[in-house]
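The values are calculated or read from the model by the stated rules, or taken from the named source; none is laboratory data. Not measured: the values here are computed from a predicted model. Here the Cβ is made from the backbone with ideal geometry for all residues, glycine too, and neighbour counts use every protein chain on show. Keep in mind that these areas ignore ligands, DNA and RNA; they rest on the heavy atoms of the full protein, side chains included. Shrake-Rupley method; radii C 1.70, N 1.55, O 1.52, S 1.80 Å.
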Amino acid sequence: MSQAPDRGVAERLDAADPLAHFRNEFLIRDPAQCYLDGNSLGRLPLRTRAAVLRFLDEEWGGRLVEGWQEWIVEAMRTGDLIGRTVLGAGPGQVLATDTTSVNLYRLAAAALDARPGRGTVIVDAANFPTDRYILEGLCAERGRTLVILDNEDGADHERITPARLAPLLGPDVALVSLQVVQYRSGARQDVPGLTALVHAHGAHLLWDAAHAAGSVPLHLDHWGVRLAVGCTYKYLNAGPGAPAWLYIAHAEQDRLQAPIQGWFAQADQFAMGPHFDRAAGIRGHAVASPSIIGLRCVQAGVSLIEEATMAACAHKCATGTALMVDLVDAWLTPLGFTLGTPREAEQRGGHLSLHHPDAALISAALRQRAGVVADFRRPDAIRVAISPLATSYCEVWDGFARLRDCVASGAYTDADLGPGTVT
Ligand SMILES: *Cc1c(COP(=O)(O)O)cnc(C)c1O
């Protein structure tokens, strides 16, 4: 058994953390709670409450329909903010809109239509359910074959090496869809390497960066990524159901045909003409009136990251997950846990996956009795995350100490598993 870092280690990390004061920017009702689930839903920034109230009273309430003079471009402005702060994307390539699922459908459909002679779509078995379901439906709808890359065999923590992907590629492949950070294992893929490999075969690669945006450095422009989507309610702290984002590199924007021809993509939107005439650029991929309240929530969350810098956030995710790995080795491995995430910081994001046969009961007991919020993923994993602006190192340490005590004492075997349907 390795030596556990004592609490003083976490205290010193907090004292030296340039992001520590950002914790005061969030609503934390119970300071004793260890919230290690910021990768599912980030905490509420205080400035979000203020921004939403201001929007309601002054803009919607005060300006009424005149507000659209500015709101009309807000999905693009917010997209640019996400792009420059989090994605490494220059202006005019990101829209803040709809949901990750809807955006994935839109970009995947456009990518398939751009490769009419190719019959195959590839997705990994460990990809997020909504991504797999949407691609399954799209393949049925458009007469393509979905090939599943098996990365659930326990090797490499779901990492996809070029050696694993290359044999599936060929002249019939139209589209490959992968996650940047695997939602379950937390493994991070080699985005530039896999992008170059897939593009060399003439296929599109659509990245889902939901678990990566806000936890790891992204350089979509520099890496040659053409298509990507992600949400804003995880590490971007924009709130449940806040608008997601989509990224289309400049070079693809006018080549790809959007599957939904909405009026927000019409070249002269208010001419109200008889036929669709698509606007050039990213606006040609918009659909309809965005949720302005939702966009304000996105702006508030992302503005915090802009002040903190994405580099500092990514550094804290790496350091915080390294602290977790040390605590797993010292405390949890002897209790029957195995680490389901790569040990190298550059191969993971902001969360770890911990396997234990009693994971469901342990996760429930942590919430019900120990004030620790992590989450359970079937069949046997507990996910624990550090959200760089809202989580302190001591919160991580305390959460792990309570997890250790809970399992060591056996005080979880009678935890209540039902009737909640959300894990
Ligand atoms: C969270 C997550 C989603 C969620 O999709 P929604 O459309 O926002 O419900 C999609 N993909 C991945 C990889 C995720 O982690």
Considering Cα pairs under 8 angstrom that are at least six residues apart, work out the relative contact order of region 213-355 and quote it in whole percent.
-> 23 percent
Just how much of LEU27 is accessible, in Å², when a 1.4 Å probe is used and the result is rounded to the nearest 10?
-> 50 Å²
Determine the relative contact order of region 80-183: mean sequence separation of Cα pairs under 8 Å and six or more apart, normalised by residue count, in whole percent.
-> 31 percent
Please state the charge dipole magnitude for region 371-421, taken about the Cα centre, from unit charges on C-beta atoms (+1 on K and R, -1 on D and E), reported in debye and rounded to the nearest 20.
-> 180 debye
Selection from ALA75, GLY8, VAL102 lying farthest towards where the dipole of region 1-106 points positive, charges on Cβ = GLY8
Over region 45-156, with neighbouring protein chains present, the accessible area per residue in Å² at probe 1.4 Å is 45 Å²
DSSP beta bridges in region 45-194, what fraction antiparallel, as a percent rounded to 5?
-> 10 percent
What's the carbon and sulfur percent of region 113-239's accessible surface, probe 1.4 angstrom, rounded to a whole number?
-> 55 percent
Amide H to amide H under 5 Å from ALA187: which residues, 5+ apart in sequence or cross-chain, H placed 1.01 Å off N in plane?
-> GLN182
Cα pair count fraction exceeding 20 Å, expressed as % - region 312-395 = 31 percent
Cβ-placed point charges (K, R +1; D, E -1), dipole of the chain about Cα centre in debye, nearest 20 | 220 debye
Accessible area of HIS285 in the full protein assembly, 1.4 Å probe (Å², nearest 10) | 10 Å²
Give me the accessible area per residue for region 201-326, probe 1.4 Å, as a whole number in Å².
-> 34 Å²
Based on the Cα coordinates of the chain, what is the per residue volume of their convex hull in Å³?
-> 145 Å³
Round to a whole number: what % of the accessible area of region 1-50 belongs to carbon and sulfur, probe 1.4 Å?
-> 55 percent
From the residues ALA280, ALA200, ALA32, which one has its Cα farthest along the dipole of the chain in the positive direction, the dipole being from +1 and -1 charges on Cβ of Lys/Arg and Asp/Glu about the Cα centre?
-> ALA280
State to the nearest 20 debye the size of the charge dipole of region 201-296 about its Cα centre, where the only charges are +1 on K and R beta carbons and -1 on D and E beta carbons.
-> 200 debye
When every protein chain stays in place and a 1.4 Å probe is rolled, LEU339, LEU389 sorted by accessible area with the largest first are LEU339, LEU389
Evaluate the relative contact order of the chain (contact order divided by residue number), counting alpha-carbon pairs under 8 angstrom at least 6 apart; express in whole percent.
-> 23 percent
Which percent of the accessible area of region 305-368 is formed by carbon and sulfur heavy atoms (probe 1.4 angstrom)?
-> 54 percent
Whole Å is fine, so just give me how far the alpha carbon centre of region 285-336 lies from that of region 57-102.
-> 21 Å
Accessible area, 1.4 Å probe, largest first: how do TYR235, TYR35 sort?
-> TYR35, TYR235
For region 150-189, what's the radius of gyration and Dmax over Cα atoms, in angstrom?
-> 11.0, 31
Would you kindly derive the ³J(HN,Hα) couplings of region 399-404 from the backbone phi angles with the Karplus curve 6.51 cos²θ - 1.76 cosθ + 1.60 (θ = phi - 60°), listing them in order in whole Hz, with x for Gly and Pro?
-> x, 5, 5, 5, 4, 4
Roll a 1.4 Å probe over the protein heavy atoms and report the accessible area of THR130 in Å², nearest 10.
-> 40 Å²
Per its Cα gyration tensor (rounded if a/c is under 1.5, else prolate when a/b beats b/c, else oblate), region 81-225 is best filed as rounded
